[in-house]
Every structure is written in structure tokens, then in C-alpha cells.
Amino acid sequence: MTTATVDKRSTSVPVPKPQRSRAKASRSSETRGAWLLLSPYVVLLLIGGIVPVGYAIKTALEKPPTPLDPSTGFGGVASFKTVFTDYRFVDTFQNVLATLVIWLPIMMVGIVGLALLIHASPGRFGSAMRFVYYIPGALAGIANFVLWVYLLNPGQSPIEGFWHAIGVDTIKQAVAAPGQLPFILTAMMFFQGVGSWIVVVNGGLNGIPDDIFEAAALDGANAWQLAWHVKLPIIRPWIGYAALMNLAYGFQLFLEPQLLDQVASNALPDQWTPTQLGYAFAFSNYNFPAAAAMSLILLVITLGIGLLIVFRSGLFGEEDN
Amino acid sequence: MAAHTRGIESWSPGRLARVVSMLFVAAIFLVPIAGFVAMAFRSNDGVENGSGGFLGLGDIAWSNVRYSWSQVNGFGPDGGLFTRWMTNSLIVAAGGAILAVVAALPAGYAMARLRFRARRAVLLITLVTMVMPNTVLVIPLFLEVNAVGAVGQLWPVALIMGFFPFGVYLSYIHYLITMPKELVEAARLDGLGEVSVFWWIGLRISKQVVVLVAFFAFVANWTNFFLPLALLSSNQRNQTVSIGLQQLIGASPLFNPTVAAGLDVKLYMPQLALATFISMLPLLAVFLGAQRFLIRGETVGAVKG
């Protein structure tokens, strides 16, 4: 109500010259107000984002102190050389790629397939199933890991029979058999991650107007054709968004391989993923320049994926509504 | 299960296949969780002998929980370490969530409703940092905190957790939807400054977004593993429960007999499951508290699971 009256008042004001300087003044007070409102966030952004990146760049360009030469100082790109020529460097990226090759397709098929199934089940059954699929997502991180220790340890696993059938008697055998780790990580991450993405893609499906389905039904489309030719093309942006987010997620793998190594009596490589390697540079070798260089490499990769997500998904640019 | 009431004639093969496969997937998700929760209530002997039948449900007893708790909370030089870890997690997760709300609301409002030159740049930085996995910054954050000599203390962890770009994005969307431009302009013409408009009008209509930001921030902080691992590992009493659980696993005779032999407490699978179960209870509590708002804000909240 106040809005309407004020609107009338503001439109009835003639538009003479002084308006411009007043507009300018209001513009600068708007800028001042904006920065004042932004200031707590900017401080946290500096502490939690900008300053550490800047400091990591500075650290990466230093030379690490050694027992013979305890001084630090400018070292150029030597730390990047240390990282690139480390015997584990290429392996860690190969491991991540090996995991992504198995995990991403399964994850995407699972997300889209289950979201379509839920969307084809209106009413309480569909929403109950969506809730059930979401539950494992609540067991994030370490809790999901302990659950998987329970599943992977043949000694007390509910799938004990399965482990014995494939000749596995200890958790060490289950985890450390050659080539097994990408599959186990796939299972762990699928279990934990699929539910929340089903909710996202399902949200996209729910946004499709009903008349599209009515038109397709009039054309004689059955449930399969509806899913394949109508729903799937429409939710393509959501699928792309989910795929890229999960791709970026692959490069941060740390907890699962690190702790699986711990429960498998160190039978796994200690540095299996890039993040583990960066952690080892910092906390085993105390080579901070190399650790900084490693995290900058990962930062550039995930930043590239992040920019791709932001510009391709339409997150950025819808602000003028 | 509404389909049942409509009678058997509507059960086409396609429909049957859909319902059966959905129930099958649901069972794959639920059975391990049910077995794991049951594990928290079982006895070491029962697990060893494989008694208790399906998922060990017959082995459940309250006395097992009391024994397991004495073992879990007996861990540490003087015991009580687990309680301490839970308290630490509460401090950093709640502290970080409060900071996130305090910073996100005015920032989201400014980006949604005020025009200033760097607006698009700030929005872009927020979106990019939101979609990037936060672990890539942990080593640089460690170097930063190490440079100021605060490694092993709780406050830097809470402060860093306060940087929560997803919360800023949620607030930004919230104000785009709930606060029309005209309302802001009307308030300005009534003589209110930019900060006052936010304070007197923006905050009035922000209950929904406060709950959403606080909820997502608390959950993210509580389950965060890598940041506390890098910043708090050096100080056993200042660890959070997420990395504390890792210590309990490392002290279990199941995986590390040599370490476990030197301990007073015995941490087998029931004890580990109980510790994990207890560590999830605060998440359950905030979920139940925020549930009403989560359902309403589903479309916004769904942007990042």
C-alpha cells in the first residue's frame, strides 16, 4: 500500500536538471551502503579465500629450508618442479581419472534414472522413495566412512556371504586388491552423494509445465518415450550441472583413500590422490612451498571447472529480475 | 503405495517394474544403515559369534550401549576426550554458522538490491567459490593460520567456516524473490539510508533464509573433515568429532592391534558404530528443527545438496 502511494508521488515529480546530481548523490550513497553491508562478508572472503591464495602463491615461489641451508627466500618455480617431477604426481592424477571414469557414468545414470523413476511415481510413494534415497546423504564424510568399514570388513559385514564368495576374508583383502580401490570409492561416493542430486534433478523435472506432458500424451507417447524424448532433453542443464560438480568433487578425494589405507594396515599407497600428495608435502615432508604449489595446481583445475559451471549453467546472468 | 488402493487392474508390467526397482534401490540404501545403527546397540561377543540373526537385531540391548559408551568416552589420557570433541564440534560448527548468517544476509541483500560497480565481480567470486570443492583451499589456509601462529586453536577454524558463499547465494536469491525493488525505493524516499532499509525491512522478512543458511552452514561445518584435520591435528584436546572418530578407528584392535594393545579401552565395531551414531545426533536435531523451512525452500536449497 505504501509502495503504491509513494510510486505515485515519485512519478509526479518533474524531471528537471537537478535530478541528475541528486541521482549521482544517491548513486554514491548506494555504493557506500552496499560496501558497508558487504563488509563482514568481504572480511571473511579475504580471510577464507583471497589472502590464503595470495599467501600460497608467495609460499610456492619460495625455496624450502633444508638442514644444510635453513634459509628461505625466492626460489622461482623450483617448488613446481619438485611437484611435477615427484614420482607420485602423475600416478595420483591417473588414480583420480580411473575413479572418475567408473564413478561419473554410474553416478549420472543413477541420478537421472532414479529422478525419472520418482517423477513417474506421483503421490506419496514417489516422495517417500525420494526421502529414502536422501537418507544416506545425511551420513556425510567420516560417518559414511565408518558405515563402509562396517560393510567392507568381512568379519561382521551384513554382506559377509558376498565377501566369502569372492574369497575375501579380511578388510585388507577387500580394499587392497589391485585395481579394486576405484570400485570401492565409487560405491562409497555413490551411496553418499546420489540422494541430494536426485532431489536437485527432481526439482528440475517438477519445474516442467504440465501442458507439455499433456501434449505428448495426446501424440500417443508412452512413459518411456515421455522420459526419453521429452523429460531428458528438458533437464539437460541440470544433468550438465550435476556432472561438472561431481567432476570437480573427484579432484578433492582425500578422506576415503586416506582412511581406507589406515584400516587396511597401510596396504594402499600412502599418497593415492593429488590432495593426499599435497597433504604429505605439508605434513610429512614439511615442504610448504611444494605443498602450496600442489594446492595451486588443484586450485587452477577446479577453478576452471567452477567457471565452466557458473557460465554454462545460467547461475550467472539471471540477476536482473 | 497409493497404487495399491487403485486395484490390481492398473498394474501394468511397466508399472510393476518401476515400483519393484525403486523398492529394491530403497532396500540397498536402508539395510546397511539399519544394520549399522543396530551395530551401535550390540555387544562385542554377539558380533564375534555372529548371533542376533538378521542384521544382529536380536543382539540389541541397552546394557551394551552403556558398556560401549564407557569405552568410547574412556578414550584419551584421562578419558572424556570424546565429550570434549563433541563440544569442540559444537563450538566451531555453531560459531561458523552464526558468522555465516551475520555475513551472508547483508551481503546477499546488497547484491540483490543495490547497484554498485563491483556487484557483478562480487557475485562471480561468490558463485565460483560456492561450486568449487572447499578442500582445495585447506593447505593454503593452513599456511595462513600457521603464519599467525594459531594452529591447534579453535577460533581460526570457526572464523574460516564463517566464509560460506553458498549462504550468500541463498540470501541473494531470497531477497531477489521476497523484496521487490519498489519496496526498497519507497523506503529510500521515506528517508531511510541503505543500511537502514536492510535493517528495518530486509531483516523483518528474513526468518526463512536465516534458518536455511544456518542449517546448511552447520551441517557443512559439522561434517568438515579436512580443515580441522589440517588445523587441529597437533592438539588432541582441541580436535573436532569428525577427526576424533578417525583417531578411534586408528585405536581399534580390529585395524591396529599394536596401538590398541596399549590402551585401557577396547574399541570394536559396536563402540565405533555408537561413537558415529552419537556424532550424528546433533545433525538429526538441526534437521528436525529446520525441517519446516527446508521443505518450503526446497527449490532454492536444491542448488547445492
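The values are calculated or read from the model by the stated rules, or taken from the named source; none is laboratory data. It should be emphasised that the depicted structure is a prediction, and the values quoted were computed from it without experimental measurement. No Cβ is skipped: glycine too gets one built from the backbone with ideal geometry, and neighbour counts run over all protein chains shown. Areas reflect the complete protein model, heavy atoms only, side chains present, ligands, DNA and RNA absent. Shrake-Rupley method; radii C 1.70, N 1.55, O 1.52, S 1.80 Å.
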Any chance region B:60-82 includes a residue that's out of contact with any Phe, Trp or Tyr (no Cβ under 9 Å at 6 or more places or on another chain) and on the phi > 0 side of the Ramachandran plot?
-> yes
Picked from region A:216-233 (must be open to solvent by 40 Å² or more (accessible area, probe 1.4 Å), farther than 16 Å from residue A:117 by Cα and hydrophobic (A, V, I, L, M, F, W, C)), the residue modelled with the lowest pLDDT is A:217
How many residues of region A:256-281 are of a type outside the set (D, E, K, R) and modelled with pLDDT under 90? The answer is 8
Does residue B:269 satisfy the condition of being open to solvent by 10 Å² or more (accessible area, probe 1.4 Å) and under 17 Å from residue A:143 (Cα atoms)? no
The condition from (1) more than 7 Å from chain A (Cβ to nearest Cβ); (2) within 27 Å of residue B:286 (Cβ to Cβ) that residue B:107 misses is numbered (1)
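Mind telling me which of the residues A:59, A:82, A:72, A:99 ends up being facing another protein chain (nearest Cβ under 8 Å) and polar (S, T, N, Q)?
Working: A:82 fails: facing another protein chain (nearest Cβ under 8 Å); A:72 fails: facing another protein chain (nearest Cβ under 8 Å); A:99 fails: facing another protein chain (nearest Cβ under 8 Å).
Of the residues listed, the single one that is facing another protein chain (nearest Cβ under 8 Å) and polar (S, T, N, Q) is A:59.
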Note: among B:195, B:209, just one is assigned by TED's automatic domain parsing to the domain that holds residue B:122 and open to solvent by less than 50 Å² (accessible area, probe 1.4 Å), namely B:209
Picking from B:200, B:222, the residue that is open to solvent by 40 Å² or more (accessible area, probe 1.4 Å) and in contact with a Leu (Cβ under 7 Å, 6 or more places away or on another chain) would be B:200
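Please tell me if residue B:145 is within 23 Å of residue B:215 (Cβ to Cβ) and at pLDDT 90 or above.
Judged against the criteria, residue B:145 is not a match.
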Those helices (runs of 4 or more DSSP H) completely within region B:97-187 that have 3 or more residues that are within 21 Å of residue A:278 (Cβ to Cβ) and not aliphatic (A, V, I, L, M) are B:138-147
message: Whether any residue in region B:249-267 is within 11 Å of chain A (Cβ to nearest Cβ), under 27 Å from residue B:90 (Cβ atoms), out of contact with any strand residue (DSSP E or B) (no Cβ under 8 Å at 6 or more places or on another chain) and not small (Gly, Ala, Ser) is what I want to check.
response: yes
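Just to check your reading of the model, which residue among A:42, A:96, A:90, A:51 is over 30 Å from residue B:96 (Cβ atoms) and either at pLDDT 90 or above or part of a helix (DSSP H, G or I) (or both)?
Numbers: A:42 fails: over 30 Å from residue B:96 (Cβ atoms); A:96 fails: over 30 Å from residue B:96 (Cβ atoms); A:51 fails: over 30 Å from residue B:96 (Cβ atoms).
It is A:90.
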Residue pairs within 6 Å by beta carbon, gap of at least six or interchain, first lying in region B:227-241 and without any contact (Cβ under 8 Å) to a residue 40 or more places away in the chain and facing another protein chain (nearest Cβ under 10 Å), second open to solvent by 10 Å² or more (accessible area, probe 1.4 Å) and outside any helix (DSSP H, G or I), listed first then second, are none
By residue number, the members of region A:82-140 that are closer than 30 Å to residue B:279 by Cβ, open to solvent by 50 Å² or more (accessible area, probe 1.4 Å) and without any contact (Cβ under 8 Å) to a residue 40 or more places away in the chain are A:127, A:131, A:138
Note on region B:35-64: residues crowded, with 20+ Cβ neighbours inside 10 Å, under 25 Å from the mean Cα position of the chain (by Cα) and touching a residue at least 60 places away in the same chain (Cβ under 8 Å) are B:36, B:39, B:40, B:41
Here the residues within region B:142-183 that are more than 8 Å from every other protein chain (Cβ to nearest Cβ) and of a type in the set (Gly, Ala, Ser) are B:149, B:150, B:152, B:158, B:167, B:171
Residues of region A:144-172 being touching a residue at least 12 places away in the same chain (Cβ under 8 Å) and of a type in the set (S, T, N, Q), in sequence order, are A:144, A:153, A:170
Within region B:133-176, restricting to residues that are under 28 Å from residue B:111 (Cα atoms) and of a type in the set (Val, Ile, Thr), the one that is surrounded by the fewest Cβ atoms within 10 Å (Cβ to Cβ) is B:173
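On the given criteria, is residue B:95 open to solvent by 20 Å² or more (accessible area, probe 1.4 Å) and within 17 Å of residue B:220 (Cβ to Cβ)?
Working: open to solvent by 20 Å² or more (accessible area, probe 1.4 Å): yes; within 17 Å of residue B:220 (Cβ to Cβ): yes.
Taking the combined requirement at face value, the residue satisfies it.
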All-but-one check, residue A:254 against (1) within 10 Å of another protein chain (Cβ to nearest Cβ); (2) in contact with a helix residue (DSSP H, G or I) (Cβ under 6 Å, 6 or more places away or on another chain); (3) open to solvent by 10 Å² or more (accessible area, probe 1.4 Å), failing number (3)
The correct count of residues that are of a type outside the set (Gly, Ala, Ser) and open to solvent by less than 10 Å² (accessible area, probe 1.4 Å) in region A:146-167 is 6
